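These notes are about the structure you will find just below.
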Amino acid sequence: MSPGNEFFSIADDSEIPLCDVADLPALLNKSKPVHTAPPKGSKEHRTVQRYIVKWRCTASIDSQQLHHGHIKDISVSGAAILHEQNFHAAEFIKLHIYMSPPPPARLPCIISVLCKVAYTLFDSKEQRYRTGVSFLKFATEYDPSFLDEHLKKHSLTVLF
């Protein structure tokens with residue numbers, strides 16, 4: 001937790017601040033996504049486009065202790081999370097995703113979602129656990145479309 005930064009001290013049941021979105025439509029129209037080419041001979045096994053991000057997140061199991069980490073890649077249907085905790089025994093987690101705001105916005109956007117754990121393994125490159133989760137239920141009905149638009153405009157696409 002960063003001293004003097006109340007952003008990271010948000011409790012699970014406290015009010016989540018809204019994004020500073022005064023100029024968001026103009027900013028979204030100016031930006032363009034960056035696309036990468038897949039390696040030769042590779043094929044995408046997933047049906048939803050994934051994006052490379054490095055967003056902070058917190059995960060809780062059964063509304064208990066928060067485990068801090070960050071999102072490695074994400075789509076509108078799931079994410080890969082890097083963290084210190086091994087979630088191999090967990091079936092479901094509640095995830096708070098702190099999306100980076102496009103400049104000049106000051107507050108990050110926070111999306112809460114109930115997730116099903118698909119896998120947990122140790123990522124030797126990152127020296128942390130990587131957990132793959134499927135999104136089951138977003139906190140609001142607008143979160144999936146907001147996430148999708150934000151990813152399309154501001155994130156690096158993963159094609160493989």
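Just one of (1) modelled with pLDDT under 70; (2) under 24 Å from L121 (Cα atoms); (3) in contact with a His (Cβ under 9 Å, 6 or more places away or on another chain); (4) among the polar types (S, T, N, Q) fails for S31. It is (2). If the condition is being hydroxyl-bearing (S, T, Y) and surrounded by fewer than 21 Cβ atoms within 10 Å (Cβ to Cβ), then segment 45-72 contributes T47, S60, S63. Selection of first residues in segment 42-62 that are among the small types (G, A, S) and of second residues that are assigned to a loop (DSSP other than H, G, I, E, B) and modelled with pLDDT under 70, restricted to Cβ pairs under 8 Å at least 6 apart or on distinct chains, gives the following pairs, ordered by first then second residue: S42/F160; S60/D12. If you go through segment 134-156 and keep only what is in a strand (DSSP E or B) and modelled with pLDDT of 90 or more, you end up with S134, F135, L136, K137, F138.
Remark: P102 matches the filter, which requires a residue to be modelled with pLDDT under 85, touching a Leu at 6+ places or on another chain (Cβ under 6 Å) and not hydrophobic (A, V, I, L, M, F, W, C).
Filtering segment 104-134 to residues that are over 18 Å from H67 (Cα atoms) and among the hydroxyl-bearing types (S, T, Y) leaves only S124. The test for being of a type in the set (V, I, T), surrounded by fewer than 17 Cβ atoms within 10 Å (Cβ to Cβ) and either at pLDDT 90 or above or under 12 Å from the mean Cα position of the chain (by Cα) (or both) does not hold for T131.
The values are calculated or read from the model by the stated rules, or taken from the named source; none is laboratory data. It should be emphasised that the depicted structure is a prediction, and the values quoted were computed from it without experimental measurement. Glycine also receives a Cβ, built like all others from the backbone with ideal geometry; neighbour counts cover every protein chain displayed.
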